[in-house]
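Single-structure report; data block below.
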Amino acid sequence: MTNKKTIVIGVTGGIAAYKALDVISKLKKKDFEIHVIMTKAALEFVTPLSFQTLSQNIVSLDMFSEPKAWEIQHISLAKKADLMLIVPATANIIGKVASGIADDLLSTTIMATKAPVIFAPAMNTNMYNNPIVQDNMGKLIKFGYKFIYPESGRLACGDEGEGKLANTELISEFVQSMMYDIKDLEGKKVLVTAGPTIASMDPVRYITNRSSGKMGYAIAEEARDRGADVTLISGDTYIKAPAGVNVINVKTNEEMLNSVIDNFEKQHIVIKAAAVADYKPKNYSEKKIKKSEDEFELKLVKDEDILKKLGTLKKKQILVGFAAESNDLMENAQKKLQVKNLDYIVANDITASDTGFASDNNKVTILCRDGRKIDLEKMSKRQVAKKLFDLINEK
């Protein structure tokens with residue numbers, strides 16, 4: 001983000017009010033300016049001091065309290081806000097706004113702001129599913145308000161069902177995505193592959209590679225934040241699935257191929273960042289291979305080249321590949337660019353000790369179909385993803 005954005009957070013009187021503290025902590029780490037409005041009911045669950053400490057700003061409580069500065073509080077906060085987030089959002093605040101009621105500081109600020117407003121509901125499952133609440137939510141959605149829908153689970157009251165506040169990481173990512181400065185992928189579909197695939201030898205053992213999936217996940221997050229409808233097809237990784245992205249988990253080359261082909265035709269941009277197994281055992285053993293001789297010979301055969309296959313199928317799609325090489329980097333990358341009918345290829349040296357597999361950083365060169373070569377200095381993988389989309393969107 002080029003400028004520091006201001007988020008006004010409204011905290012209402014629900015048992016999940018304490019979770020708003022975690023949301024604020026996460027947003028502060030993303031360098032947002034945070035202002036908090038607490039309703040009278042919220043004060044029964046959490047103290048203003050906690051929110052003041054985390055937000056590093058005075059918490060606003062009462063529309064008629066003595067002002068800390070010569071300004072009309074609800075108008076001032078409404079103008080400051082680049083976005084308003086109501087977390088947790090009770091049935092009460094949803095109903096008030098849907099009915100045009102502005103009788104306290106939070107509801108008047110929501111009415112007065114021109115910024116996007118997001119509600120993160122949390123309440124008893126019967127309340128949440130009450131047709132009046134659902135009708136109020138539907139009305140607000142028609143007016144352009146956003147919702148981060150609750151999860152299902154065991155609620156504080158002991159009931160099971162919908163109504164549990166969405167994961168705080170998901171809420172934080174949703175806000176970050178909405179506040180991203182660049183929105184040049186709105187209306188576009190982007191498919192990204194990430195992580196390693198495996199080739200099984202027997203029910204216990206398999207062949208794989210060192211890919212962490214970090215580069216592909218960074219690309220998926222960048223595309224999401226720029227407004228794209230993103231599908232991420234991922235091999236096994238330890239990375240948490242990014243919020244707001246359609247994630248398809250696969251294990252083998254064949255599973256990844258089938259998932260990519262199923263989704264390929266409707267995509268505008270396809271970026272193959274996965275490290276796919278090039279070979280697989282010629283014969284798979286249904287039983288665990290037992291240790292016997294001092295030496296064991298395993299015959300391998302070539303597996304399907306997914307990227308090359310896509311190069312033969314592509315029509316109007318922009319197709320991007322990766323070349324992770326240990327030697328002859330530029331020669332190998334240029335060859336892949338031509339042979340696999342790519343528009344761009346990202347070449348990186350996997351022997352570098354401070355970039356590449358498992359690192360948060362990368363140092364790459366992007367080769368273009370038109371002959372251009374863009375060398376990028378060492379930077380975070382998210383920054384590499386940004387540079388890649390900047391280049392793609394030059395057209």
Rounded to 5, the percent of DSSP beta bridges in the stretch 189-392 classed as antiparallel: 35
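Going highest first, how would you order 122-133, 169-180, 306-317 by mean Cβ packing within 10 Å?
Numbers: 122-133: 17.3, 169-180: 19.7, 306-317: 15.7.
Descending packing order for the listed peptides: 169-180, 122-133, 306-317.
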Relative contact order (percent) for the stretch 6-178, with alpha-carbon contacts under 8 angstrom and 6 or more residues of separation? 23
Under 5 Å between amide hydrogens, which residues at least 5 positions from I318 or on another chain qualify, with H placed 1.01 Å from N in the peptide plane? I269, V270
What lysines sit close enough to K164 to cross-link, taking a C-alpha to C-alpha distance under 16 Å and skipping anything fewer than 8 places away on the same chain? K19
List the residues, sorted by chain then number, that are 5 or more residues from I148 or on another chain and whose placed amide H is less than 5 Å from its amide H. F119, A120
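Pairs of alpha-carbon atoms within less than 8 angstrom and 6+ residues apart define the contacts here; what relative contact order does the stretch 248-395 have, in percent?
Working: 192 pairs, mean separation 23.2, N = 148.
Reported as a whole number, the value is 16 percent.
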May I ask you to evaluate 6.51 cos²θ - 1.76 cosθ + 1.60, the Karplus curve with θ = phi - 60°, for each residue of the stretch 366-382 and list the ³J(HN,Hα) values in order in whole Hz, giving x for glycine and proline? 9, 9, 10, 4, 7, x, 5, 9, 10, 8, 10, 6, 4, 7, 5, 5, 5
Amide H partners (placed H, <5 Å) of S200, local residues excluded: I207
One finds the C-alpha centres of the stretch 164-219 and the stretch 341-395 to be spaced, in Å, by 17
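Please state, as a whole number in µm²/s, the translational diffusion coefficient that the Stokes-Einstein equation yields for the chain at 4 °C and 1.567 mPa s, with Rh defined as the Kirkwood radius across alpha carbon pairs.
Working: Rh = 23.7 Å.
The calculation lands on 55 µm²/s.
For every other residue with a beta carbon closer than 10 angstrom to the beta carbon of V204, add +1 if it is Lys or Arg and -1 if Asp or Glu, then tell me the sum.
Working: positive: R205, K287, K288; negative: D202.
Once all neighbours under 10 Å are counted, the net charge is +2.
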Once you have the Cα-Cα distance between I261 and N129, take 0.36 nm times their residue separation minus that, and quote the gain in nm to one decimal. 43.7 nm
³J(HN,Hα), Karplus 6.51/-1.76/1.60, whole Hz, each residue of the stretch 4-16, x for Gly, Pro: 6, 9, 10, 10, 9, 9, x, 10, 10, x, x, 4, 7
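Please label the shape of the stretch 91-202 as rounded, prolate or oblate, based on the square roots a ≥ b ≥ c of the eigenvalues of the alpha-carbon gyration tensor (a/c under 1.5 means rounded; beyond that, a/b larger than b/c means prolate, else oblate). Intermediate results must be reported in sequence, preceding the final value.
Details: a/c = 2.73, a/b = 1.43, b/c = 1.92.
Since a/c reaches 1.5 but b/c is at least a/b, the shape of the stretch 91-202 is classed as oblate.
Explain nothing, just the number: dipole magnitude of the stretch 54-186 about its Cα centre with +1 on each Lys and Arg Cβ and -1 on each Asp and Glu Cβ, in debye rounded to the nearest 20. Intermediate values should be presented prior to the final figure.
On the way: 11 positive and 16 negative charges, 57 e Å.
The dipole of the stretch 54-186 has a size of about 280 debye.
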Over what distance in Å are the Cα centres of the stretch 279-303 and the stretch 87-148 separated? 60
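Using the Cβ atoms and a cut-off under 15 Å, what net charge is assigned to the surroundings of G10, where Lys and Arg are +1 and Asp and Glu are -1? Don't jump to the answer; show the numbers that get you there.
Values: positive: K19, K40, K80, K96, K146; negative: D62, D82, D103, D104.
Within the 15 Å Cβ shell, the charges total +1.
Over 31 Å between Cα atoms: which of K79/K363; K5/K381; K308/K363; K290/K363; K5/K386 fall into that group? Show your work: numbers first, answer last.
Working: K79/K363 41 Å; K5/K381 23 Å; K308/K363 25 Å; K290/K363 43 Å; K5/K386 19 Å.
In this structure, K79/K363; K290/K363 exceed 31 Å between Cα atoms.
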For the stretch 310-324, 3J(HN,Hα) per residue [Karplus equation, 6.51 cos²θ - 1.76 cosθ + 1.60, θ = phi - 60°, Hz, x = Gly/Pro]: 5, x, 7, 9, 5, 10, 9, 5, 8, 10, 10, x, 10, 10, 9
Between the helical axis of 19-29 and the dominant principal axis of the chain, each derived from Cα atoms, what acute angle in degrees is found, rounded to the nearest 10? 60
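Bear in mind that the values in this text are calculations on the coordinates, not laboratory data. All values derive from a computational prediction rather than experimental measurement. Virtual Cβ from ideal backbone geometry, glycine too; neighbours counted across all protein chains shown.
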